[in-house]
Each structure stands twice: as structure tokens, then as C-alpha cells.
Number of protein chains: 2
Amino acid sequence: MTGYHAPLTEMRFVLEAVARLDRVAALPGYEETTPELVEAVLGEAGRLAGEVLAPLNQTGDREGSRFENGVVRTPAGWAAAYQHYVEGGWNALPFDPEHGGQGLPWTLAAAVQEMWQSANMAFALCPLLTQGAVELLQVHGTAAQKATYLPRLVSGEWTGTMNLTEPQAGSDVGALKTRAVRDGEHYRITGQKIFITYGEHDIAPNIIHMVLARLPDAPAGTRGISLFLVPKFLVKADGSLGQRNDLRCASLEHKLGIHASPTAVMAFGDDGGAIGTLVGEENQGMACMFTMMNNARLSVGLQGLAIAERAYQQALGYARERVQGATIENPGDGPALIIAHPDVRRMLMTMKAQVEAMRALAYTTAAALDRAKRHPDAEARAAAQARVDLLIPVTKAWLTDLGCEVASLGLQLHGGMGYIEETGAAQYFRDARIAPIYEGTNGIQALDLLRRKLARDEGEAARDLFAEMQRSLAALRGLPGEEIKALREGLQQGLASLEDATGWLLGAHKDSPARAAAGASPYLRLFGTVVGGWLLAQGAAAALERLAADENGSGQNGIDRAFLRAKPITARFYAENILPQAPALAAAVMRGADSTLALADEQF
Amino acid sequence: MTGYHAPLTEMRFVLEAVARLDRVAALPGYEETTPELVEAVLGEAGRLAGEVLAPLNQTGDREGSRFENGVVRTPAGWAAAYQHYVEGGWNALPFDPEHGGQGLPWTLAAAVQEMWQSANMAFALCPLLTQGAVELLQVHGTAAQKATYLPRLVSGEWTGTMNLTEPQAGSDVGALKTRAVRDGEHYRITGQKIFITYGEHDIAPNIIHMVLARLPDAPAGTRGISLFLVPKFLVKADGSLGQRNDLRCASLEHKLGIHASPTAVMAFGDDGGAIGTLVGEENQGMACMFTMMNNARLSVGLQGLAIAERAYQQALGYARERVQGATIENPGDGPALIIAHPDVRRMLMTMKAQVEAMRALAYTTAAALDRAKRHPDAEARAAAQARVDLLIPVTKAWLTDLGCEVASLGLQLHGGMGYIEETGAAQYFRDARIAPIYEGTNGIQALDLLRRKLARDEGEAARDLFAEMQRSLAALRGLPGEEIKALREGLQQGLASLEDATGWLLGAHKDSPARAAAGASPYLRLFGTVVGGWLLAQGAAAALERLAADENGSGQNGIDRAFLRAKPITARFYAENILPQAPALAAAVMRGADSTLALADEQF
């Protein structure tokens, strides 16, 4: 198994040249985000990820979290690594300083989260869930809830969970049945929740469950759901831990991957009802959830990117050490490293180009989140929020789908060794497969993009984005070289396909919403594919600019010419090999609906 | 977990209408293949697959084959199921009657093999390997080898293995180091082999290893490889088992999937050399291997189809019982079966259309194999062999790639439940992943298609196929209906892309073979995609013909109108949603090579 090395040069480049962290750092409240601080944060996070978390990834997978006599035991090393992580202050990075957070931008947090997820996705899921609890409480918590829980969730001393799913209520959260009954100042919660990530574990002294439940007099469906804070241990007035609450882990799931992450069935109220307090208003639970959804979905998208990066590193390492077969051009020279074979190179380029496009989209979305939160101008904030809302389902679904595909390519590159668990490639393939499912399946993301994001503003946010892309295209016209030419052509065709499909969908959504919905998934894929190409083009243009500035080729100012030269080449690869899929995806959207819906149920 | 039900209606239809089993049955030697026999064979095989093999699939996966004190133990039920299979005479189905085979066509055997692989891929691998040994001995064995080994391999009483791979010799078999030294009438074999499927097990009394090794005076590379028959137990003159040979299983691999199939590291000659006899001529081992390669690759392609079919059945079963969310069109009606949701329907249609295209290609290739073997006219035999040689790498690689993709879609359709091992969908996803790797990785298949199949005859066999496809297209022009129109358009564009890419590749292969090789994988995908669409169109046309013949709509003669009506609809879905990928794949072939090869090794 290859270790993990945070791709710092690439991360810095995307943060600077594509996500424009400099502009984010200029927003009020983010002034501390100096280049020196960014450098220090990335370097230190890379060390923790590579040296502490990554070495536990495979052992954690083999050992798994186990459920023994009502207790969940995480794998060896888990608790110590978590301590390390908390003591480094890492958990507090993006949260409000008011509650002990460092208040750094989400743009920077995205790069750091990518590292945790690359190093050890099963481990990094725990903080990902805590993040959701923190965001809910930051916005919707009472003063008392904030005072009691936020500092210790922000620091990571305690961890958080999201209790949404029930056996009959998966994608349709509104179908949940868990009950909450008023009991004096608090509520009594009774019911069963499934798929609760880190619902029980042994790496922190308390677990704060955010639980969706229904009050006795609540309206049906999503409008009758309330959100409750239900701690594993009740907290006394002095902040110390009191009695055990009436909730327990009933079992852990046996999953395809992320074995070390305990996925619990949680039983609330076996003994009269778990004690919880209301977060937000009664029956406003779903609205509260929307608060954290964008960040949570960005984080899951980052998992797709992260596992793809890790799989790429592993495959590249193998391609650079495995000797097999002579090259096509010089068969007489005997066996060569497989990186010399054109077909292997195609696999590596496909992985590399897609990973870079994924990263560019993830960081760009994070930067829009920061603008939406901090921009001094209300109109700019609203525009940024519209951009975030539009890009979030794409970031979640496109990145996690590609995460699986890149992990699969990485496995394939290893030949027979890829199928052997010791190699490590298979674990990425298994771990990656959850990300298109949780935090809203990718099918749900596609419907969200179509029915909430596109239809709600009649395509306005999308048109804004397309106009920006057209401006980039126009700017590319001024740049020389065949890479730019190929990029321009690929992007032009891709953008035309995206605009066509968008127009068609907006019309179909009004006339025949089911036909529109039948095209939602290929549309999201089209969206991601074209936006990814656009962002790679931005990177390529920036790289050419830097190279041009380094006129005498001296590589002064730490400029890495080989790295920068790879940018337009990689973007060209994407334009010639991946962007041509755009018209095919648009065809599936615009022409494929009738045949998708034509069979009777019994004809399947 | 859903069980397995052999899709008999569909299998019969593809055998009759697409692979034209009637024509195969008319070949000399296949006269016994009457419609009644076919019906009986399919029905009985379906029962064995569904009732005996399928129930062991998940338990076998959980238990796995274990290596204990030098002994390999297969999962509970394995030995009895294998007995059942052998006693039913199933192993003998396609082999020469001279050695106890039933001499039935490979076309029929393909359908039967599909069932075994759908029911229990880890189990069915054992006969798949025995098949290879039988074919080698049928053609290259000495009279004594045939007499001693063939009857018991044909019946399945003994099993066979292929010992090719060594740690340094994977795709490059020529790099192998296992030694063979002449020792009187036989040879002494010494060396280590890896990835030996069913290299050791407890379900048959003897295992016949076909081992590639190198004689002391052999030329380097593939021209110095010889093939040996090395039995686990030496066989006495009277046919009874004699002493244990000097070979052993050193360990079993821990794999991503096919847990029940023991993948052995085999050690030959720890104690002076395992006794083997030569098969074929000295240094002609690789040539011998080519004898069985086409059938073996077809069989692995069938695994891709089989696992896709099983994943589809599982997903369809879930879609028909899982209630979640209201429909888009009637939200007031409350929760609906998920099969009603357009996005779920897209997943099901994608699975269904691809499975049908895969099956059509697999059976068609098998029919070509039968013609190549049995056609009375030498020219027709040669033409059929050229077709086989062309289609085999496509059948192997395209079907196994799609097998993984369909299994992944099937998992996705289950939402969170798909990630839980108990559900069963995850096992198909894991099991399917080996098929693109073994029996020549899919990258190797793509290079085979380009460098051996296409370049060797300068595209002649390909042009023959394209001409046949053009004739089908012309025939479609006479048929009515919008499904046929969509099919015609999709196919026309697809075929144009395929012809363009073929022409480009033939030129590039001469001028710059590395650039051609860089496009080999997308070219194979393009080839499979278009040929699959062509075969679906044939099925659609045949279905319309049958429907037209059933004028009064009475469904007499057992005609299943709903099934037949689904054919053109499914083909149209394929034409509108999948065939549009053809120009994108052609672009990757024709324009993508330069950027694929442009980076220096250190720029990755």
C-alpha cells in the first residue's frame, strides 16, 4: 500500500488560481487568512494526514469497528489519532470564533478536509458529522444549548451525529415515525434510527445526537418534523457529565466499505424516552436541516475527490515501480515500467484530469460559500448563495460518482494485484462507493438540481454561470497554443450542449415534469463535466500566465515550470477525451425521456 | 437477497432471433440440437442454477474458501452442489462426444454458462477453468493424455486449472521463470505460480494443472514457453490415483470478491520437481494457449453479462417492493413503489438495455464459434473464425466493463441498503470487479483488438462486419414506427463513428503505433457500444415481425406480446441514451492521443 502525500503544490495552485483564495481572504472576518497562515495550515495538516491518519487506514479497514456487549470498539489507534486531531485544534478550523472556532474560510477548510478524507475516510467521517451538529447549533441553538454544547463540539472534545434515517424513511425523510413528547422543559424521544454514522464509539466521552422526530400533534410529512438535541450523557449545570440518556446502539451494520466507521442502529427511549431539547422551532426540523446541508454535501463531495486523489496516488506509485512488457516503440529494450505503456498512461491521465477538475469545482464551490457568508454587499451575497445552491448538488453527485470511477480505474491499473485486498486499491474502491449514496443519493441530487435549483429561479442562476463561462471562453481566444485551441473547441461544444439541455429541461419541467425528471441524472453529469472543463481551462490560463511572467525560464519565485506546463496539457486531455461526452449526455436528456418512461412496470 | 430466476423467455428469444440457433443446429454434428432439447436443457439448467447454486452464493461469499494446515476448505454446500452439477452431466455439455462430451453447440452452452455464472460466479469459476484444460487436451494432448485425463475432466469428476501467472509475469506471460527439466519420459517442474483459480480445493479427488514453464535450453520470451500437464495425484496405469505429486498450495489470496473461489499461490517442486508431461510441442506452450483463449474469453465475458443480469434482477425486485416518496405526477397519492420514479426507471432501463445488448453479443459470438468449428464450407469457416477473432476481445472487455457498471447501478438503486452486505447487491459489485482483470486485462483486450485483430488483416474482418451492419440498417428503413426511426438514426451515427475511428486507427497504427495504442480502450468501448446497438436492432426487428405475424393479437403459439413490445422500446432507449456516446468515444480515439502521451513521467 502506498502512503498518502498531500498534493500541496496542486492544492495551493487551485486555491490561488481557480478558487481565488486571495479574494476570499479579503472578505471581512477572514483577514487572518494570510498566505503565511495558509502555508502553515496546509503543511501541518498534510503532515497529520500523512503521518498519523493514513497509516491507520488499512489496519482500520481490516479490524473494523466492532459491537461487543453493547459497546462499540473502534480499531486500534483510533482514539489516539482522534486525540491528536482534537489537540491540534483541527476540528475548530472553519467554525465561529465566538464558540472557540478559528473562523477560517471554508475554502481553506475544503483543502484540509480533502486531506483527512484522502488519508482515512472512515476516520474523517466522525468530524464530518460533528460539523453538521455544530452548524445546526450555531444557527438554531438556544443560548443555553450553545453555551453547553458548542465549545466542546467545536473543539471536537465531544462528537456529533445526525439521526435522520429510519427503515421506512430514507430519501423520503418526511416518512419518519420517531416520536417526541413534551415533558416539562424538555422532550422525550422514542424510536429507532438506522445508518447513524459514529452513532456510538469509544473515542470521545460524549456524543451529541441531532435527532429528527415528530410531535404528537404534528402535521404529516416533512412539515411535521422537529429537530432535537439528544446527548448520550446528560450534561449537568456545571458542564460535567451526568446520567446516561435513554438511548443505545442496537447493532452495527456490515458494510461494503468504511469498515472502521461504526454505522449504528440507534434505539431511543426503550426505558421511557430519551431526554432531548428542541433545536429551532417545533415542526421546523427540515428547515433547520437545510442550514447544514450545503456544507455537508460539499464535504461528501470532497470525499469523492479525496478518495480519487488517494487512488490516483496509489496507482501512480504502482505504475512507477511495476515492470511489465516491452514498450510498443522499443520492444527490443525489454521490459519497461508500465507507466511507459500508452494504455496505462490513458488511465493515469483520465484519473489525473478528473481529479483536478473535481478539486477545482470543490474549492470553487467552497469559495462561493465563503462569499455568501461574508461578502459585505447583500447583492453579492445573494448571488454567491444562488451559485452555491446551484453548484452543491453537482459538487456532491459528480464528485462522488467520479470518485467511484477513478477508484475503479486505479484498481484496474494494478491488474491482478488490484483485486487483492493487501494492495489497498480495493479498499478505495469499496470506501468510495458509499459517497454517491449518503447525504442524499445522487439521484436525489439530480432532482434537487432540476426541481429546486433550476426550476425555482427559472434558470437564472444557471444562466449567470453560463454567461461567466462564455466570458472565460472569450478570454481564451486571446491565448496562444494548440492546447488552448483544443480547450476552446471542447468547451464551446460542451457549453452549447449544457445550454441546450438546460433550456429543454426548463420547458419540459413545466409541461411534463416526469419527462424532465427522467433526464435529471444525465443532466447533472453534463453539468459537472462542462463546469469541470471550464475550471480546468481557468487553471490552464493561469498557468500559462505564470509561465509567461517567468520570462527567462529561471523558475524564480519558486515557480515550478514542469507543474505549470502540465496544466494546459491536462486540460487539453480533458477537452479531447472527456468533454466530447457532453453532446451524448445532452441527447440523453433531450431525447431519452420517452423511451425511459415507455415500458409498463411488468415489462421490466 | 433476491434469488435467481433464469430469464428463459429472453434467452430463448436471443438464441432464436439474434444468434440464430436454428442455423447453428443445422451445422453438421449439431443435429441433435432440436428445439425440444434446447427447451429441456434451458429449463433444467435454470432449475439447477436457481435452486441449487444460487442459494449458496451469499453463504459462500461470507464463509469464503479457507486455507487450514495446507488444506483448502470450500464453503459449506460446495462439494454437494458440485456433485449435483457433475451428476447432471452439465460439465460435458459442449465437449467432443469422443471423450464423453455431449457435443452441443457453444451457442447453447453460452446460455447455460450464463446461468451458472449468474447463480454463483465463485462456484462456476471451477468448471470454467476445467473447460480450458479440456480444450487444450482435446487439441494438443497425446493419445495417452487424452485417454487418461479427458473423460474425467469432461465429466467434471476431476477439475482443471491454468497455471500461467507468476509475480513478475502477469500480462507479460513471456517473463515467466518456472522451470521444466526433462527426466526420462516426463518432466520435473519447479517454480511458483500465483492467482491460480481453484488451484487447490476439496470438491473433487484430483486436480489437473496445466502449467506453463520454461525448458533449460528454451529461447527467451514467449517463444520459449512449454505447456505441461501436472496432476495433483499421479494417475496409475489402471486409472486409479497414485502418489501425491510434488506440488502444493502455499496460501490463498484475500480478495475483494469471489471469496468462495480459492485463488491459490501454487508451489511446484519443493521436493525435487513436480512430475509433468508435455502438452503439444516443446516451446509451443503459448501457441497451445491460443487454442483455448477464445472460449475462455467468451466465458469471462459471459460472467460480466451474468453478474449484470443478477444485479438487474436484484435491483428490479427491490424497485418493485420498496415504497419511498410520492410520484412526481401524483404527489397527493402518497408514497409509491420506487419503480414509479423516473430516475429509478432510468437506472432500470440502463441496466436492462445493456444486459440485453451484452447477451446478444455473447450469444452471437458463440454462434460464430460454432460456425467456425462446424461449417461444412472452408471459406465460411474462415470467415466465421475471423469474426470470432474480432469479436472475442470486444465480448470479453465490453461485457465485463458493463458488468461492473450495471452491478454498480444496481447497488445504487438500493440506496443505503445497497451498501449493506446482507442485501446482496454489494457482493455482485465486488464479484464483478475481477472480470475486467483476469483472462487478459481489458487493456490487453483493447490492444489485442487493435494490434492483432484490426491491424493484422488491415481491417478486413471489421469491414465485413460493418458491411453487414450497413445491410441491417438498410433493412430497418423498411420498418415503421418511431422506435425504429430512433434506432436507425442512433445506429447510423454510431456506425459512422466506428468506421471513422477504425480508419484512423489503421493509419495511425502504421505511422505511430503508440498513438494508436493510446486510443485502444475507447475504441473497444466504441466497438462494443455500436455492435450492441446493432444486435438490439436485430432483436427489435424480429420482435416487430413476430408481432405482425400475430395479426389478431391473440398471442397464439405462446407469443408474449408484452415481452415483444418491450424489444423495440428497449432498443430505442439504447439508441437515444447510450449510442450517442459513440462520437465521444471516436473523438477520444482520433483526437485524444497527443494529450494522452504528452506529459513526461515526472509530470504526473
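Every number in this text was worked out from the coordinates using simple rules, so none of it is lab data. From a predicted model like this one, the values you see are computed outputs, not experimental measurements. So basically every Cβ, Gly included, is an ideal-geometry build from the backbone, and we count neighbours across all protein chains shown.
When every Cα-Cα distance of region A:312-466 is counted in 10 angstrom steps from zero, the calculated P(r) takes the values 11, 29, 26, 18, 12, 5, 1 percent. Calculation over all alpha carbon pairs of region B:21-117 in 10 angstrom steps from 0 returns a P(r) of 14, 39, 27, 15, 5, 0 percent. Computed over the Cα atoms of region B:121-231, pair by distinct pair, the Kirkwood hydrodynamic radius stands at 14.5 angstrom.
Rounded to the nearest 0.05, the FRET efficiency derived from the C-beta distance between B:Arg62 and A:Glu602 at R0 = 51 Å is 0.95. Does region A:113-177 classify as rounded, prolate or oblate by the C-alpha gyration tensor (a ≥ b ≥ c root eigenvalues; a/c under 1.5 gives rounded; else a/b over b/c gives prolate, otherwise oblate)? The shape class here is oblate. Kirkwood-type hydrodynamic radius, region A:521-570: 12.1 Å, calculated from all non-identical alpha-carbon pairs.
Assuming a ≥ b ≥ c are the square roots of the Cα gyration tensor eigenvalues, decide whether region B:403-511 counts as rounded (a/c under 1.5), prolate (otherwise, with a/b larger than b/c) or oblate. Oblate, since a/c reaches 1.5 and b/c is not below a/b.
Peptide A:567-576: average number of partner chain Cβ atoms within 10 Å per residue?
For peptide A:567-576, the averaged partner shielding equals 5.
Each copy carries a label point for A:Ala382 at 7 Å from Cα along the beta-carbon vector; from one copy to the others these points are 7.8 nm apart, nearest first.
Report the antiparallel proportion of the DSSP beta bridges in the protein assembly as shown as a percent, rounded to a multiple of 5.
85
So, with +1 on the Cβ of K and R and -1 on the Cβ of D and E, and no other charges, what is the size of the charge dipole of region B:228-337 about its Cα centre, to the nearest 20 debye?
Values: 9 positive and 11 negative charges, 35 e Å.
For this selection, approximately 160 debye.
Legend: Rg and Dmax of region B:350-427, from Cα coordinates, 17.5, 56 Å.
Charge dipole (Cα centre; +1 on Lys/Arg Cβ, -1 on Asp/Glu Cβ; no other charges) of the protein assembly as shown amounts to roughly 460 debye.
Summary for A:Arg320: label point 7 Å along Cα→Cβ; distances to the equivalent points in the other copies, ascending, 5.2 nm.
Provide the convex hull volume over Cα atoms per residue for region B:59-104, in Å³. Display every interim value, and only then the final one.
Values: hull volume 4.6 nm³, N = 46.
Convex hull volume per residue, Cα atoms: 99 Å³.
With q set to 0.21, 0.23 Å⁻¹, the log10 of I(q)/I(0) for region A:391-457, from the Debye formula over equal scatterers at the Cα positions, is -0.78, -0.86. Applying a DSSP loop filter and a limit of 15 other Cβ atoms within 10 Å to the GluC sites (Glu not before Pro) in region A:504-604 leaves A:Glu551. For the pair B:Glu39 and B:Lys510, a Förster radius of 60 Å applied to the C-beta separation gives a FRET efficiency near 0.75, rounded to the nearest 0.05. Using equal-weight Cα scatterers in the Debye expression, the normalised intensity of region A:255-323 in log10 at q = 0.19, 0.26 Å⁻¹ is -1.05, -1.12.
Relative to the globular-protein estimate of 2.2 N^0.38 Å, the Cα radius of gyration of region A:143-207 stands at 1.31. Taken along the Cα-to-beta-carbon direction at a fixed 7 Å, the label points for A:His84 and B:Ala287 span 6.0 nm.
Relative contact order (percent) for chain A, with alpha-carbon contacts under 8 angstrom and 6 or more residues of separation? Relative contact order comes out at 13 percent.
For peptide B:415-424, the mean count of partner chain Cβ atoms within 10 Å of a residue's Cβ comes to 6.
If the label for A:Glu602 sits 7 angstrom from Cα along the Cα-to-Cβ line, what are its distances to the same label in every other copy, in nm to one decimal, shortest first? For A:Glu602, the other copies' label points sit at 6.9 nm, shortest first. Rounded to the nearest 10 degrees, the angle from helix A:378-413 to the longest Cα principal axis of chain A is 70 degrees.
Taking only the C-alpha atoms of region A:207-261, the Rg (one decimal) and the largest Cα-Cα distance, Dmax (whole number), read 15.6, 43 Å.
With viscosity set to 0.692 mPa s at 37 °C, what whole-number translational diffusion coefficient in µm²/s follows for region B:452-604 from Stokes-Einstein and a Kirkwood radius over Cα pairs?
It comes out at roughly 193 µm²/s.
Based on the reciprocal of the average 1/r between different C-alpha atoms, the Kirkwood radius for region A:68-181 equals 15.7 Å. Lysine pair count for region A:125-246 with Cα-Cα distance under 20 Å and sequence separation of 8 or more or different chains is 4.
Taken about its Cα centre, chain B carries a charge dipole of about 540 debye when Lys and Arg each add +1 at the Cβ and Asp and Glu each add -1 at the Cβ. Note on A:437-443: average number of Cβ atoms from other chains within 10 Å of each residue's Cβ is 4. Remark: C-alpha extents of region B:469-556 on the principal axes read 60, 20, 17 Å, sorted largest to smallest.
In this structure, A:Arg320 and A:Val139 have a Cβ-Cβ separation that, at R0 = 45 Å, corresponds to a calculated FRET efficiency of about 0.40.
The residue of chain A whose Cβ sits closest to the rotation axis that maps A onto B, together with that distance in whole Å, is A:Ala584, 3. In chain B, the calculated helix contribution to ellipticity at 222 nm averages -18000 deg cm²/dmol per residue, counting -39,500 (n - 2.57) for every DSSP H run with n ≥ 4.
For chymotrypsin sites (Phe, Trp or Tyr not before Pro), no site in region A:95-176 is both called loop by DSSP and has at most 10 other Cβ atoms within 10 Å. Counted by Cβ distance under 15 Å from B:Pro7, the other residues give a net charge of -2, where Lys and Arg count +1 and Asp and Glu count -1. Between the amide H of B:Ser251 and those of B:Val265, distances stay under 5 Å, these residues lying 5 or more places away or on another chain, with hydrogens modeled in the peptide plane.
Note: chain A, Cα convex hull, 173 Å³ per residue.
Projecting the Cα atoms of B:Ala435, B:Ala425, B:Ile307 onto the charge dipole of chain B (Cβ charges, centred on the Cα centre) puts B:Ala435 farthest toward the positive pole.
Database remark: amide H of B:Asp183 closer than 5 angstrom to the amide H of B:Arg188 (H placed geometrically; neighbours at sequence offset of 5 or more, or on other chains; Pro and chain starts carry no H).
If you sort the three axes of the alpha carbon gyration tensor as a ≥ b ≥ c, you get a/c of 1.5 or more for region A:259-377 and a/b no higher than b/c, which makes it oblate.
Listed values for region A:484-495 are Karplus-derived 3J(HN,Hα) couplings in whole Hz (6.51 cos²θ - 1.76 cosθ + 1.60, θ = phi - 60°), namely 5, 4, 5, 4, 4, 5, x, 6, 4, 5, x, 5, and x replaces Gly and Pro. For region A:557-574, the residues whose amide N sits under 14 Å from a probe point set 7 Å from the Cα of A:Ala549 along the beta carbon direction are A:557-561, A:564. In whole percents, the pair-distance distribution calculated for region B:178-308 from its alpha-carbon pairs, binned every 10 Å from zero, is 12, 37, 36, 14, 1, 0.
For the protein assembly as shown, what log10 I(q)/I(0) values come out of the Debye formula at q = 0.07, 0.08, 0.09 1/Å, with one point per alpha carbon and no solvent? With no solvent term, the Cα-only Debye profile gives -0.68, -0.89, -1.13.
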